[in-house]
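Down below is the structure, laid out as structure tokens.
The values are calculated or read from the model by the stated rules, or taken from the named source; none is laboratory data. Computed from a prediction, not measured in an experiment: that's the story for all the values here. Every residue, glycine among them, receives a Cβ derived from its backbone with ideal geometry; neighbour counts consider all protein chains shown.
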Protein chains: 2
Amino acid sequence: MGPQLNVSLCGELLDLEKLIIEKSASVEHWLRDSFNQNTPPFYCSVDLRNACFKIAPIDTNLFPAGFNNLGEKDMACTVQAFMTSIEKRCPDVENVLLIPEKHTRNKFYLENLGNLFSILSNAGLTVRVGSIDPLVTKTVGVNYRNISGEDSCFEISPLIFRDGKLKLKNFDPDLVILNNDFSSGIPNDLKKINNQIIIPSLRDCWAFRRKSYHFAKYDQVSKEFCKFIGADDWLINPMFEHCKKINFKNKQGESCLTDHVSDLLKKIKKKYNDSEIRKKPFVVVKADAGTYGMGIMTIRDASEIKNLNRKQRNKMSKIKEGVEVSDVLIQEGVYSFETFVDSETESVAEPVVYVVDRYVVGGFYRVHSEKGLDENLNSPGMQFYPLPFENGCQFPALSNDPNSTTNRLYFYGVLARLAAIAASKETSNSPQSPV
Amino acid sequence: MGPQLNVSLCGELLDLEKLIIEKSASVEHWLRDSFNQNTPPFYCSVDLRNACFKIAPIDTNLFPAGFNNLGEKDMACTVQAFMTSIEKRCPDVENVLLIPEKHTRNKFYLENLGNLFSILSNAGLTVRVGSIDPLVTKTVGVNYRNISGEDSCFEISPLIFRDGKLKLKNFDPDLVILNNDFSSGIPNDLKKINNQIIIPSLRDCWAFRRKSYHFAKYDQVSKEFCKFIGADDWLINPMFEHCKKINFKNKQGESCLTDHVSDLLKKIKKKYNDSEIRKKPFVVVKADAGTYGMGIMTIRDASEIKNLNRKQRNKMSKIKEGVEVSDVLIQEGVYSFETFVDSETESVAEPVVYVVDRYVVGGFYRVHSEKGLDENLNSPGMQFYPLPFENGCQFPALSNDPNSTTNRLYFYGVLARLAAIAASKETSNSPQSPV
């Protein structure tokens, strides 16, 4: 026996998974209908947590990194899905500018970028990478290892803004693809573009996007799906509350936060009691516009809020690129009981599913050996290692065994697509003003 | 060293393959453009022959069998491509009737049918199989082995025609998918359908389709492609002639055939001389509306025509389902120098590439150990065994080595897509009257 993922679903969740597997053709039909009502995200990654009695998406990233963590066997589907995505959005495009995050010294991010560069090239685009980082003043070569383990390279060049377009020296792209969520705001040159297609839309950046709005849409989508299939949506839908105008440093809005945390913990307690779940409820407080695992804390009792020490308050008050946190999402905590058993160690494993256009293309487990089962696994400095999914999430196994890996991954793929549908509704009707 | 495919390209063909690999992003862009001008076939398989100095598609099947011969690793892309194909053509469809060939006792065909059934189900369709064979009077179960080696089953039921639709008892499909090329004509009930979508179109059946028209379109497409990339189209384009109103039994039209064979052999000879190819030219005479490897013969000298004996004449005069041959295609013979070397035996291997909508999803080698290098490998009673392609044909390798398997298969995938584009032009502008 090699290393294995050690979890069995239970209770109503097991019944829901069985239903989804048995009715997979109808489930796919339902998903097809739903994706047809709104344009799916160009690409996204969805973090799931599996508590055995509940599985839920807890974060949907519309500027996904981590393409380096997919399996080699996932590449063909990934390339094919990007082909479809490009054909639908901008079939005439040939030259593409890929804009990455600024942190160009993070080895893992550069591996992601290299693999994304290679995937988009294979999808039939002539790709160049251009950085918004003012420190990038000349073209630099980047060596990376691709998914097949081969040494490869690409270049990062400084951007030039001219004629309403972003360009590189001797490269005039028709399309700009963003792999940067612009948490700290959209650079002026990008706002001024009037002669180029930008994908994803700038309104999908964290400068505009709100987690609370995403989960409101997910609440709607998961309710519709569970009504269709005949199940309680709580099994896949994390409850949440929302507080505005919080200032962690001077305790402004603290009572709003305490009240909502207390309410949500009570609701979870009731659900746990009704379902005879003998676990301690917890909530996760997150910056509403945050990303990158910053500005996140786990709360097990409302009294913890007023007892936060200065270090904890500082940690919550700022996210990536120094942006101040003011609005927070208070989300039902979903335990991560999925563990990865390798010889003598048992590690927490959190699945991350990649969706390109409407297609699940693969995913991996974020395996972490030190953190607890109720802690955020996507935190700065975290030591996780990626474990690509054993097989695709595209379709169920021939057998109806809900605990077969193939069926479990198919179930994950369905949940990730529900989150992608929520994202499609979110961005097409966003109350946030676009650029 | 395991078994391996033993062939190296040479001369201008090697240069062409190098160009395609180096410029793959532009090649993909060209293909995307071309597919956008006409609707690609719902599905097709393309037979290629590799003579090292020339590689060409020699048959494009719009009702492909052989899905059982694909690799397990190809399934995810295949399902995804069918999803895209369905989404574009008929997103609302849920219930689908699959109509197979009549020969329901051929084990390999039934395996194809079972795998196609499973692929379409996984693409989000509720599929049932209904036979036009009048001998099928009640629902019968069929056991088959799927690509993953698992034992599985499906049912074949008799068809009912009612309200302008084909149905099964208790099953009212919105869509009819044909896996039957109707060589001997289209059944009356199918012609009367006025309330259902039929895919592929009935005009794609061999009752209407002509090989000569397909290769005229392929001639045009391959010329455009080679002009774009800068190469001689002969490298990938088999020359052909066309004779109408042939009767092999009473020798009617024999002089037309002899003249054209003679002309074509001279043209090939000239090309061989110009390119310093020291091989004996040959042509292949095929029924213009034929399929299934029937009504095909190899000719090395025009004099062979008048010396055909009665048995040979009979063999050429009828194709599948007893249909009389009257029109023939005289196609430049392309040697098959690709061989499969397994311990001590060396076998001829002919690649077959599968294209679903615009996506290459995989393929296999038809490996045959008895036939000569210039004979048709798709003949009745042939003993071939399938060898799934080692990896996908979706994208080239990181290395530019034209003899790497990945690059060779990518090249095959490009050629198969050129044939699919020809088929898309053929069916949308067919001079044959539709139903």
> What number goes with the only condition from (1) within 22 Å of A:Cys393 (Cβ to Cβ); (2) part of a helix (DSSP H, G or I); (3) modelled with pLDDT under 95 that B:Ala81 does not pass?
Replying inline: (3)
> What number goes with the only condition from (1) assigned to a strand (DSSP E or B); (2) surrounded by fewer than 19 Cβ atoms within 10 Å (Cβ to Cβ) that B:Pro91 does not pass?
Replying inline: (1)
> Which pairs have Cβ atoms under 7 Å, sit 6 or more apart or on different chains, and link a residue in segment A:392-413 that is surrounded by fewer than 18 Cβ atoms within 10 Å (Cβ to Cβ) to one that is among the charged types (D, E, K, R)?
Replying inline: A:Leu398/B:Glu150; A:Asn400/A:Lys18; A:Asn400/A:Glu22; A:Thr405/A:Glu390
> What number of residues in segment B:1-56 are touching a residue at least 24 places away in the same chain (Cβ under 8 Å) and in a loop (DSSP other than H, G, I, E, B)?
Replying inline: 15
> Residue check, A:Glu22 against (1) of a type in the set (Asp, Glu); (2) within 14 Å of chain B (Cβ to nearest Cβ); (3) within 21 Å of A:Ile421 (Cα to Cα), all met but one. Which one?
Replying inline: (3)
> Name the residues in segment B:212-234 that are closer than 21 Å to B:Ser262 by Cα and surrounded by fewer than 23 Cβ atoms within 10 Å (Cβ to Cβ), would you?
Replying inline: B:Ser212, B:Ala216, B:Asp219, B:Trp234
>> Please pick out the residue among A:Lys280, A:Lys311, A:Lys269 that is assigned to a helix (DSSP H, G or I) and modelled with pLDDT of 85 or more.
In response: A:Lys269
> Looking at B:Leu190, B:Leu175, B:Leu168, which is the one that is within 14 Å of chain A (Cβ to nearest Cβ), over 18 Å from B:Tyr109 (Cβ atoms) and out of contact with any His (no Cβ under 6 Å at 6 or more places or on another chain)?
Replying inline: B:Leu175
> Inside segment A:162-186, can you point out the residues that are surrounded by fewer than 17 Cβ atoms within 10 Å (Cβ to Cβ) and either farther than 24 Å from A:Gly124 by Cα or among the aromatic types (Phe, Trp, Tyr) (or both)?
Replying inline: A:Arg162, A:Asp163, A:Gly164, A:Phe171, A:Ser184, A:Gly185
> Checking A:Ala289 against (1) part of a loop (DSSP other than H, G, I, E, B); (2) assigned by TED's automatic domain parsing to the domain that holds A:Asn61; (3) surrounded by fewer than 19 Cβ atoms within 10 Å (Cβ to Cβ), which test does it fail?
Replying inline: (3)
> Can you name the condition, by its number, that B:Val127 falls short on among (1) part of a helix (DSSP H, G or I); (2) within 14 Å of another protein chain (Cβ to nearest Cβ)?
Replying inline: (1)
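Look at B:Ala231 and say whether it is assigned to a loop (DSSP other than H, G, I, E, B), modelled with pLDDT of 90 or more and over 17 Å from B:Tyr335 (Cα atoms). Steps first, answer last, please.
Numbers: assigned to a loop (DSSP other than H, G, I, E, B): yes; modelled with pLDDT of 90 or more: yes; over 17 Å from B:Tyr335 (Cα atoms): yes.
Yes: the conditions hold for B:Ala231.
Report the residue count in segment B:39-84 for those that are small (Gly, Ala, Ser), within 14 Å of chain A (Cβ to nearest Cβ) and buried (at least 21 other Cβ atoms within 10 Å of the Cβ). Spell out the reasoning first.
Quick first cut of segment B:39-84, residues small (Gly, Ala, Ser) only: B:45, B:51, B:56, B:65-66, B:71, B:76, B:81.
Next, only the ones that are within 14 Å of chain A (Cβ to nearest Cβ) stay: B:71, B:76, B:81.
Keeping just the survivors that are buried (at least 21 other Cβ atoms within 10 Å of the Cβ) gives B:76, B:81.
Within segment B:39-84, residues that are small (Gly, Ala, Ser), within 14 Å of chain A (Cβ to nearest Cβ) and buried (at least 21 other Cβ atoms within 10 Å of the Cβ) number 2.
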> Checking B:Cys243 against (1) in contact (Cβ under 8 Å) with a residue 24 or more places away in the chain; (2) in contact with a helix residue (DSSP H, G or I) (Cβ under 9 Å, 6 or more places away or on another chain); (3) closer than 30 Å to B:Ser8 by Cβ, which test does it fail?
Replying inline: (3)
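Go through segment A:146-165 residue by residue and tally those that are more than 11 Å from chain B (Cβ to nearest Cβ), of a type outside the set (Phe, Trp, Tyr) and in contact with a Gly (Cβ under 9 Å, 6 or more places away or on another chain).
Of segment A:146-165, the ones more than 11 Å from chain B (Cβ to nearest Cβ) are A:154-165.
Those left that are additionally of a type outside the set (Phe, Trp, Tyr): A:155-160, A:162-165.
Subset that is in contact with a Gly (Cβ under 9 Å, 6 or more places away or on another chain): A:155-160.
Number of matching residues: 6.
Within segment A:94-109, how many residues turn out to be at pLDDT 95 or above and either closer than 26 Å to B:Thr406 by Cβ or within 9 Å of chain B (Cβ to nearest Cβ) (or both)?
The total comes to 3.
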>> I'd like the full set of residues that are small (Gly, Ala, Ser) and modelled with pLDDT under 80, limited to segment A:379-420.
In response: A:Ser379, A:Gly381, A:Gly392, A:Ser399
> Across segment A:235-247, what is the number of residues that are crowded, with 16+ Cβ neighbours inside 10 Å and either assigned to a strand (DSSP E or B) or within 20 Å of the chain's Cα centre (by Cα) (or both)?
Replying inline: 9
> Which of the residues belonging to segment B:1-29 are over 22 Å from the mean Cα position of the chain (by Cα), more than 25 Å from B:Val284 (Cβ to Cβ), surrounded by 18 or more Cβ atoms within 10 Å (Cβ to Cβ) and not β-branched (Val, Ile, Thr)?
Replying inline: B:Ser24, B:Ala25, B:His29
> Which ones in segment A:151-191 are assigned to a loop (DSSP other than H, G, I, E, B) and within 25 Å of A:Gly141 (Cβ to Cβ)?
Replying inline: A:Leu159, A:Lys169, A:Asn170, A:Asp172, A:Pro173, A:Asp174, A:Asn180, A:Pro187
